[in-house]
Amino acid sequence: MAAVEQPWLPHLLFYGPPGTGKTTCALAVVRQLFGAEQLKNRVLELNASDERGIAVVRSKIKTFAAIAVGQQTTLDGARLPPYKVIILDEADAMTNDAQSALRRTMEVYSKVTRFIIICNYVSRIIEPLASRCAKFRFKPMHGDVIHSRIEHICTAEGVELSPGTLQALSKVAGGDMRRAITTLQSAARLGGKGGVVDAATVHDVAGVVPEAACAAIAEACKSGSFAAMQASIEHTVLEGYPAQEILLGLQAVVLQDQALDNAQKAIVLEALAVADKALVDGADELLQLLSVGSQLQTCLSAMQA
């Protein structure tokens, strides 16, 4: 807020996980600067994941940045800042060539244009571009913040939550406010029983693997039988749960298992990480889950020996 009140706003770089309010904050900044009546004339908002090539920088961005600032006051006499603002959302999807061209544009038109760059991964923004901005990190939303906002929405929309549903939404969201709201909306429309949304409905809508299913896989691994472990994993996959959600559930089981020592947990967690990377690269889901199950079975068998 202090930066907005200064006559010369620096270029801004907002980064952090999805759903933490980066775009909302950027829009609030420009609304505070220009008011609703001048937003269209003074602000250009681009989603860089859709328009991320160097041609966009040379055409849309450069053209808007070069336009001189006209009106200096609002209709009620309030003074306007002597610059425009360009908001680049998901800028970490821009190519390196486009980012290099953007750096030069920021230098040339710095007197009449400010940039607000938004990204999830600041490491994907080239250093010459990042060094020209004031950086602001957005952390995952705390559970209390998500609870407060969900309760406000439920009150406004007339949605009733059963006990434990707030905690379930917060856990599913993982600090992502957008996901918490979207999950609540889907649960209220598709799964609410008698107008009441419960934790089970939230888990079903979000595709969360039940703790009992992951615990059953762990028990099958403890049996020492590969066939039993394979049958348990295949049953969970056939229920329609995503493989990456199953990995997350197994991760929680492993971390909470007091019988495993730190070295054994490290072996299984490494296998989980390798499987997660392989899934991102397009590997077969069942084979990766069986690989993780084999590692867990080996650790549990060694523990029982």
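What do you reckon, is I116 modelled with pLDDT of 90 or more, under 15 Å from L13 (Cβ atoms), of a type in the set (A, V, I, L, M, F, W, C) and touching an Asp or Glu at 6+ places or on another chain (Cβ under 6 Å)? Here the answer is no, as I116 does not meet what is asked. Applying the criterion of being surrounded by 14 or more Cβ atoms within 10 Å (Cβ to Cβ) and part of a strand (DSSP E or B) to the residues of the range 115-134, the residue that is farthest from the chain's Cα centre (by Cα) is F115.
From the list V205, V196, the one residue that fits, being surrounded by fewer than 19 Cβ atoms within 10 Å (Cβ to Cβ) and touching a residue at least 12 places away in the same chain (Cβ under 8 Å), is V196. Comparison of A252, A266 shows that the only residue that is more than 19 Å from V209 (Cβ to Cβ) and of a type outside the set (F, W, Y) is A266.
Consider the range 85-100 and keep the residues that are over 24 Å from V112 (Cβ atoms) and within 19 Å of the chain's Cα centre (by Cα). The one that is modelled with the lowest pLDDT is A93. Restricting the search to helices (runs of 4 or more DSSP H) fully inside the range 156-247 and requiring at least 1 residues that are of a type in the set (V, I, T) and touching a Leu at 6+ places or on another chain (Cβ under 7 Å) gives 177-186, 199-206, 211-222, 226-238. Among the residues examined, G194 qualifies as of a type outside the set (A, V, I, L, M, F, W, C) and modelled with pLDDT under 85.
The residue of the range 10-30 that is farthest from G174 (Cα to Cα), among those that are part of a loop (DSSP other than H, G, I, E, B) and touching a Phe, Trp or Tyr at 6+ places or on another chain (Cβ under 7 Å), is H11. Would you check which residues across the range 172-191 are under 13 Å from the mean Cα position of the chain (by Cα), surrounded by 18 or more Cβ atoms within 10 Å (Cβ to Cβ) and without any contact (Cβ under 8 Å) to a residue 40 or more places away in the chain and list them? Correct list: V172 only.
The values are calculated or read from the model by the stated rules, or taken from the named source; none is laboratory data. Predicted model only: the values in this text are computed from it and were never measured. Positions of Cβ are backbone-derived with ideal geometry, glycine not excepted, and every protein chain shown enters the neighbour counts.
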